[in-house]
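A short worksheet on the structure shown next.
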Amino acid sequence: MIEYLYAQGHRKIGLIGGKPDQSRPSLSRLTGSQSAMFRLGLPFEMKKQYAYARFSLQSGYTAMEYLLKHCPDITAVFAMSDLMALGAIRALNDHGLRVPQDISVSGYDGIALGRYSTPRLTTIRQNSERLAQRGAEILLNCIENGSSAVHEVVPFELIEDESVAALPNH
């Protein structure tokens, strides 16, 4: 998602996610985002550009308010769940800002609600069926055969929708 936002001209990106020391998905998504920012030469200050949130609408709303206060020059936000992204969009609207005209917002999960929000949410859609299937297969193999846990990367899809704008002159 960071690479996509960069390709759209965004150079100051805020992140909304869980506490990386308490959530493996949050740690993985933060590490991946930081790595992409470093590779692209983008600035990133954890205390200013990363807002902690639980995976909920309300928490996404509160986290967006934190980013507006601590990093008012961001042009895009990557929320590490669609629910947090939708909460962030509500906060931006309540502060008189338009998505994506003033600030672009993107999410992660690909939940159905994102297709019905205004604007429709740009997101990373996980293959949840494949995740569930492989998780069950691996778990059963561990139980039945004493196999070790397995780390697999499941394919994902970038859904380019209405909540991210391309900046002029990029």
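Tell me yes or no: at least one residue of segment 89-100 is hydrophobic (A, V, I, L, M, F, W, C) and at pLDDT below 95. Walk me through it before giving the result.
Going through segment 89-100, the residues hydrophobic (A, V, I, L, M, F, W, C) turn out to be 89, 91-92, 97, 99.
Right, trim to at pLDDT below 95 and you get none.
Scanning segment 89-100 turns up no residue that is hydrophobic (A, V, I, L, M, F, W, C) and at pLDDT below 95.
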Problem set entry | Where a residue in segment 38-55 is free of Cβ contacts under 8 Å to residues at least 60 places away in the same chain and its partner, wherever it lies, is assigned to a helix (DSSP H, G or I) and exposed (fewer than 11 other Cβ atoms within 10 Å of the Cβ), with Cβ under 6 Å and at least six apart | none
Exercise. Can you find even one residue in segment 24-32 that is over 15 Å from the mean Cα position of the chain (by Cα) and either surrounded by fewer than 17 Cβ atoms within 10 Å (Cβ to Cβ) or closer than 19 Å to residue 121 by Cα (or both)?
Worked result: no
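Quick one: which strands (runs of 3 or more DSSP E) lie wholly within segment 44-117 and hold at least 3 residues that are hydroxyl-bearing (Ser, Thr, Tyr)? Even if it seems obvious, please write down each step before you answer.
Details: elements: 50-52, 76-79, 104-109.
In segment 44-117, the matching strands (runs of 3 or more DSSP E) lie at 104-109.
The values are calculated or read from the model by the stated rules, or taken from the named source; none is laboratory data. The structure displayed is predicted, hence computed values, not measured ones. FYI the Cβ positions are ideal-geometry reconstructions off the backbone, even for glycines, and counts take in every protein chain you see.
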